[in-house]
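Student: Let me give you the structure first, and then I'll get to my questions.
The values are calculated or read from the model by the stated rules, or taken from the named source; none is laboratory data. All figures in this text were calculated on a predicted structure; none of them were measured in a lab. Note that we place each Cβ from the backbone using ideal geometry, even for glycine, and neighbour counts take in every protein chain shown.
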Amino acid sequence: MKKVLVLAETKNGKLRNVSLEVLTVAGKIANGGEINACIFGSDGEKFREELAKFGAQKIYLVENAELNRYTPDGFKQALLKVIEEVQPEVVLTGHTSVGKDLLPRVAVRLNAALISDCIDVEVGEKIIFTRPIYSGKAFQKKEVTNGIVMATIRPNNIEAKENQAAGETFKILAELKDLRTMVKDIVKKTSGKVDLSEAKIIVAGGRGVKSAEGFKPLQELADVLGGAVGASRAACDAGYCDYSLQIGQTGKVVTPDLYIACGISGAIQHLAGMSSSKVIVAINKDPEANIFHIADYGIVGDLFEVVPLLTEEFKKVFA
Ligand code: FAD
């Protein structure tokens, strides 16, 4: 039985799905112990019900308008304060841009071990975390043998399961000092309705899409499926789309239920960002393209013929 603390994150006024997934991981690790959640900003209270529904027994609110947006110093101070109060044995959050930036800072302050980008956890006599290494070519199993355990969990890997708990709330006062960096404004570059890193369906385009205009049929397919559009680095480098859409080793790592790769050759650096997708469909006119080696379904053909046909067929299904 363990005492676990989850840092929950919000985006655009909603709880991030990965936070619910992390609560499910917390339940597994707690194994009958205590599941705590904390949330920062002025409107944490409004997420109480949802956090409780997914297993949070106690919810710690650090209410401060300066925490409405991520600030490395502010979040670090707030999380350290909650940790001091709760005294958890395990601290978890999502492997998001906030989680990746924040947890190492807190781990250093506590001289704690951090295991990042976990995709699975086994709980027995020991807690063993699994994380991909070498761009997803191998998996590493890690345990922490001493002190507090900190881990970030990759989004879309572990299904969030409801586990109704009391969700008792506690307010924590954190006096924020010396905030050296503040996010003043967030400029959204993409018009995508679905967040790429948490999308269940991704339609991705590569150099084979040939132009920004060429991405339109991909967006139409993504819209019909309720998914997001992604891209290879070659497509971003060529200016067909914004770098925020780049998937791969130096882009986003995604794990959707369905990944449709259009005009993407399947370079190792691209595979590093999407090879753990649950179902991969590749559309490429070159039957020898490397992407077909990891695809569950392959369509050899011109994407400009195949993609509109798929959109038409899916429209019939989802009409
Ligand atoms: P290409 O390799 O040029 O493939 C285009 C494909 O489109 C071909 O297979 C072709 O047959 C097909 N095609 C052409 N026309 C059509 C058509 N009409 N219909 C159907 N198919 C068609 N890449 C990433 O994606 N993400 C990364 O994060 C990343 N990081 C990198 C980091 C480093 C350090 C380096 C060195 C490289 C990185 N790259 C990354 C680049 C990577 O090596 C490849 O160059 C890139 O992924 C290739 O993109 P692509 O598959 O779109 O283009």
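Student: Go through the range 263-293 and count every residue that is crowded, with 18+ Cβ neighbours inside 10 Å and touching a strand residue (DSSP E or B) at 6+ places or on another chain (Cβ under 8 Å).
Tutor: Filtering the range 263-293 down to residues crowded, with 18+ Cβ neighbours inside 10 Å leaves 263-266, 270-277, 280-284, 289, 291-292.
Cutting the leftovers down to touching a strand residue (DSSP E or B) at 6+ places or on another chain (Cβ under 8 Å) gives us 263-266, 270, 273-274, 276-277, 280-284, 289, 291-292.
Going through the range 263-293 one residue at a time, the tally reaches 17.
Student: Another question about this same structure. Looking at (1) on the phi > 0 side of the Ramachandran plot; (2) at pLDDT 90 or above; (3) of a type in the set (Phe, Trp, Tyr), which is the one condition that is false for residue 170?
Tutor: For residue 170, the exception is condition (1).
Student: Any residue at all in the range 263-285 that is within 9 Å of the ligand (Cβ to nearest atom) and more than 30 Å from residue 95 (Cα to Cα)?
Tutor: yes
Student: For residues that are buried (at least 16 other Cβ atoms within 10 Å of the Cβ) and in a helix (DSSP H, G or I), tally how many sit in the range 64-84.
Tutor: 13
Student: Could you please tell me which pairs satisfy a Cβ distance under 9 Å, a separation of 6+ or placement on different chains, a first residue in the range 159-184 that is under 30 Å from residue 257 (Cβ atoms), and a second residue that is of a type in the set (Phe, Trp, Tyr)?
Tutor: Final answer for the pair search is 160/54; 161/54; 162/54; 163/54; 164/54; 165/54.
Student: Check the range 294-315 and report whether any residue there is farther than 18 Å from residue 208 by Cα, basic (Lys, Arg) and more than 9 Å from the ligand (Cβ to nearest atom). Talk me through it step by step, then tell me what you get.
Tutor: Start the filter on the range 294-315 by keeping residues that are farther than 18 Å from residue 208 by Cα, which leaves 294, 296-297, 311-315.
Next, from what is left, pick out any that are basic (Lys, Arg): 315.
Filter again for more than 9 Å from the ligand (Cβ to nearest atom), leaving 315.
The answer is yes; a qualifying residue exists.
Student: Tally time: how many residues in the range 83-116 are without any contact (Cβ under 8 Å) to a residue 60 or more places away in the chain and among the acidic types (Asp, Glu)?
Tutor: 2
Student: Of the conditions (1) charged (D, E, K, R); (2) within 16 Å of the ligand (Cβ to nearest atom); (3) at pLDDT below 95, residue 213 satisfies every one except a single condition; which number is it?
Tutor: (3)
Student: Restricting to the range 235-262, and then to whatever is buried (at least 20 other Cβ atoms within 10 Å of the Cβ) and near the ligand (Cβ under 7 Å from one of its atoms), can you tell me which residue is modelled with the lowest pLDDT?
Tutor: 251
Student: Got a sec? Which of 50, 21 is crowded, with 19+ Cβ neighbours inside 10 Å and within 17 Å of residue 198 (Cβ to Cβ)? Give the steps one after another, and end with the answer.
Tutor: On the way: 50 fails: crowded, with 19+ Cβ neighbours inside 10 Å.
Within the list 50, 21, the selection yields 21.
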